[in-house]
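Written out below as structure tokens is the structure these notes cover.
The values are calculated or read from the model by the stated rules, or taken from the named source; none is laboratory data. All figures in this text were calculated on a predicted structure; none of them were measured in a lab. Note that each Cβ is placed from the backbone with ideal geometry, even for glycine, and that neighbours are counted across all protein chains shown. We work out accessible area using only protein heavy atoms, side chains counted, and drop any ligands, DNA or RNA first. Shrake-Rupley method; radii C 1.70, N 1.55, O 1.52, S 1.80 Å.
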Amino acid sequence: MPENGRRLREFYLSLQVEQLWLAGQHVSWETGVADRPDATSGNHTHCSAFAAAACKRLNIYLLRPPEHKQILLANAQYDWLPTPAAADAGWRPVAGRNIYEAAQNLANKGYIVLAICQNPDPKKPGHTALVMPADLRPEKLEESGPEMIMAGTHNHNRISLKAGFHSHLTGWPEHAVLFYYNTQTPSFP
């Protein structure tokens, strides 16, 4: 794996997603730290806030508060990513005959790669995750997709696309998840 991919993987792991951005708590979107123990809304899951916080720390813009509230942010990010504003921020759709391999290869080279799906019910959340740099065999990519790091009902440093998005998929191979990468070089802290 190229050095930039190793650096990106180390950065993602330093975010401690398995201890922060926990479901069932209202959290600061930027840090993932629980901030309002008495909150009755905004404390479901925090996948899109985690992705936005990771991008912000790398000086890459992804739709985030205050431009959009945390509630239903993944659906809003899904709508925002194909816009001219997202293109101006460096976001491009991942293209290729084998989209899983293309997404994993871009992450392995150190590009920020998002996997995202929108819920068909606009009142229910979609899902956003980051592709984690990882050396995966082509058979593994075909079987379960790229490796993700994500917040959700359960947070994971490493989980396959198939397992991480299982509640949003109706079959496999799936066609509901879109992949975008950012052309900017991350500014590692």
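A few comments on the model shown:
- Rounded, prolate or oblate (a/c below 1.5 giving rounded, otherwise prolate when a/b exceeds b/c) for the range 75-170 by Cα gyration tensor: oblate
- A probe of 1.4 angstrom, applied to the heavy atoms of all protein chains, finds residue 100 with accessible area near 20 square angstrom.
- Rounded to the nearest 500, the 222 nm mean residue ellipticity of the chain from helices alone is -8000 deg cm²/dmol, with -39,500 (n - 2.57) taken per DSSP H run of at least 4 residues.
- Spatially proximal lysines relative to residue 69 (Cα-Cα < 27 Å; intrachain offsets below 8 disregarded): 56, 123, 124
- Residues considered: 32, 126, 171. Largest GNM mean-square fluctuation over the chain, using C-alpha springs under 10 Å, is found at 171.
- Largest GNM mean-square fluctuation among 22, 106, 136, using the chain with Cα springs under 10 Å: 136.
- Accessible-area rank, largest first, for 56, 124: 124, 56, with all protein chains present and a 1.4 angstrom probe.
- Peptide ranges 81-87, 47-53 listed from the most packed, as the mean C-beta count within 10 angstrom indicates: 47-53, 81-87
- Cross-link reach is defined here as a Cα-Cα straight distance under 16 Å, omitting same-chain residues fewer than 8 places apart; for residue 162 the lysines meeting it are 140.
- With DNA, RNA and ligands ignored, accessible area of residue 68 (1.4 Å probe; Å², nearest 10): 50
- Surface accessible to a 1.4 Å probe, residue 177 within the full protein complex, Å²: 10
- Remark: accessible surface ordering of 144, 14 (largest first) is 14, 144, probe radius 1.4 Å.
- Structure-derived volume of the Cα convex hull per residue in Å³: which label, when the choices are [x] 115; [y] 170; [z] 107: [z]
- Calculated accessible area for the range 62-131 comes out at 47 Å² per residue, all protein chains present (probe 1.4 Å; ligands, DNA, RNA ignored).
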